[in-house]
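Notes for the one structure printed next.
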């Protein structure tokens with residue numbers, strides 16, 4: 001089945017460009033569009049969508065608040081934040097709101113398509129190293145390790161799972177983690193799946209956010 005994508009952006013020309021790129025893919029289909037966050041939520045009420053490409057700066061309801069409301073729903077689609085500027089604080093807020101990653105609007109088409117497939121599969125996060133740099137920059141906005149409550153389920157992780165979690169939080173891919181720990185990539189994928197289940201998280205980017213919030217990883221990717 002084709003990946004069902006929704007485009008949310010107040011610039012019609014940008015939506016048209018994205019639609020043309022996605023329409024040329026045999027495994028993707030643009031099933032819905034919206035010009036702002038409020039319209040996006042309304043349209044999602046009657047459209048089956050797998051991945052939402054969400055702009056952040058829009059009238060009526062911005063992409064961050066729209067993402068928060070969408071991700072709070074039962075079985076929501078994955079949301080990828082689209083931003084004009086690298087390391088935009090809006091992208092940070094989008095990740096906190098539940099987005100599965102973010103990308104720059106001028107991203108090469110091949111990277112955009114790869115990101116949509118990755119997010120849809122749940123196996124990877126969009127540009128994990130960029131996500132880490134984003135959190136490094138805005139980590140002062142996070143609660144301190146002392147004041148911020150650590151997810152109690154972290155204690156349920158095995159030593160190996162905690163080790164994998166810290167490497168995920170530092171922006172490493174499954175392949176890179178496998179090389180670091182001398183494991184097969186399939187084994188790493190299994191560990192990541194168990195970590196997500198035990199911590200009640202949707203995807204890898206949420207692991208990154210949790211690790212920073214709980215003080216397990218500090219700015220610069222250092223372990224706490």
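Sort through 15, 19 and tell me the only one that's surrounded by fewer than 21 Cβ atoms within 10 Å (Cβ to Cβ), in contact with a strand residue (DSSP E or B) (Cβ under 9 Å, 6 or more places away or on another chain), farther than 17 Å from residue 79 by Cβ and in the same structural domain as residue 121 (by TED's automatic domain parsing).
On the way: 15 fails: farther than 17 Å from residue 79 by Cβ.
Step by step, each of 15, 19 is checked, and only 19 is surrounded by fewer than 21 Cβ atoms within 10 Å (Cβ to Cβ), in contact with a strand residue (DSSP E or B) (Cβ under 9 Å, 6 or more places away or on another chain), farther than 17 Å from residue 79 by Cβ and in the same structural domain as residue 121 (by TED's automatic domain parsing).
Is it fair to say residue 133 is outside any loop (DSSP other than H, G, I, E, B), modelled with pLDDT under 85 and not assigned by TED's automatic domain parsing to the domain that holds residue 12? Walk me through how you get there before you give the answer.
Details: outside any loop (DSSP other than H, G, I, E, B): yes; modelled with pLDDT under 85: yes; not assigned by TED's automatic domain parsing to the domain that holds residue 12: yes.
The answer is yes for residue 133.
Which of the residues that make up segment 32-43 are within 16 Å of residue 77 (Cβ to Cβ) and under 21 Å from the mean Cα position of the chain (by Cα)? Spell out how you get there, then give the answer.
Filtering segment 32-43 down to residues within 16 Å of residue 77 (Cβ to Cβ) leaves 32-34, 37, 39-43.
Once the filter is applied, which keeps residues that are within 16 Å of residue 77 (Cβ to Cβ) and under 21 Å from the mean Cα position of the chain (by Cα), segment 32-43 yields 32, 33, 34, 37, 40, 41.
Residues that are assigned to a helix (DSSP H, G or I) and under 25 Å from residue 209 (Cα atoms): does segment 46-53 have at least one?
No, segment 46-53 contains no residue that is assigned to a helix (DSSP H, G or I) and under 25 Å from residue 209 (Cα atoms).
Out of 188, 205, 164, 209, which single residue is under 26 Å from residue 112 (Cα atoms), part of a helix (DSSP H, G or I) and at pLDDT 80 or above? Steps first, please.
Working: 205 fails: at pLDDT 80 or above; 164 fails: under 26 Å from residue 112 (Cα atoms); 209 fails: at pLDDT 80 or above.
188 is the lone residue from the list that is under 26 Å from residue 112 (Cα atoms), part of a helix (DSSP H, G or I) and at pLDDT 80 or above.
Return the pairs, sorted by first residue and then second, in which the second residue is loosely packed, with under 14 Cβ neighbours inside 10 Å, the first residue lies in segment 23-36 and is within 13 Å of residue 3 (Cβ to Cβ), the beta carbons are less than 6 Å apart, and the residues are 6+ apart or on different chains.
27/2; 28/2; 29/2
Which of the residues spanning segment 191-202 are under 16 Å from residue 119 (Cβ atoms) and either assigned to a loop (DSSP other than H, G, I, E, B) or touching a residue at least 12 places away in the same chain (Cβ under 8 Å) (or both)?
Result: 192, 201, 202.
Does residue 200 satisfy the condition of being closer than 19 Å to residue 100 by Cα, exposed (fewer than 13 other Cβ atoms within 10 Å of the Cβ) and modelled with pLDDT under 90?
On the way: closer than 19 Å to residue 100 by Cα: yes; exposed (fewer than 13 other Cβ atoms within 10 Å of the Cβ): yes; modelled with pLDDT under 90: yes.
Against the criterion (closer than 19 Å to residue 100 by Cα, exposed (fewer than 13 other Cβ atoms within 10 Å of the Cβ) and modelled with pLDDT under 90), residue 200 qualifies.
Please verify whether segment 84-93 includes one or more residues that are at pLDDT below 85, surrounded by fewer than 20 Cβ atoms within 10 Å (Cβ to Cβ), on the phi > 0 side of the Ramachandran plot and in contact with a helix residue (DSSP H, G or I) (Cβ under 6 Å, 6 or more places away or on another chain).
Taking every residue of segment 84-93 in turn, at least one turns out to be at pLDDT below 85, surrounded by fewer than 20 Cβ atoms within 10 Å (Cβ to Cβ), on the phi > 0 side of the Ramachandran plot and in contact with a helix residue (DSSP H, G or I) (Cβ under 6 Å, 6 or more places away or on another chain).
Any idea which residue in segment 161-187 is surrounded by the most Cβ atoms within 10 Å (Cβ to Cβ), counting only those that are touching a residue at least 24 places away in the same chain (Cβ under 8 Å) and under 12 Å from residue 217 (Cα atoms)?
The qualifying residue surrounded by the most Cβ atoms within 10 Å (Cβ to Cβ) is 168.
The values are calculated or read from the model by the stated rules, or taken from the named source; none is laboratory data. Keep in mind that what you see is a predicted model, and the values were worked out from it rather than measured. FYI the Cβ positions are ideal-geometry reconstructions off the backbone, even for glycines, and counts take in every protein chain you see.
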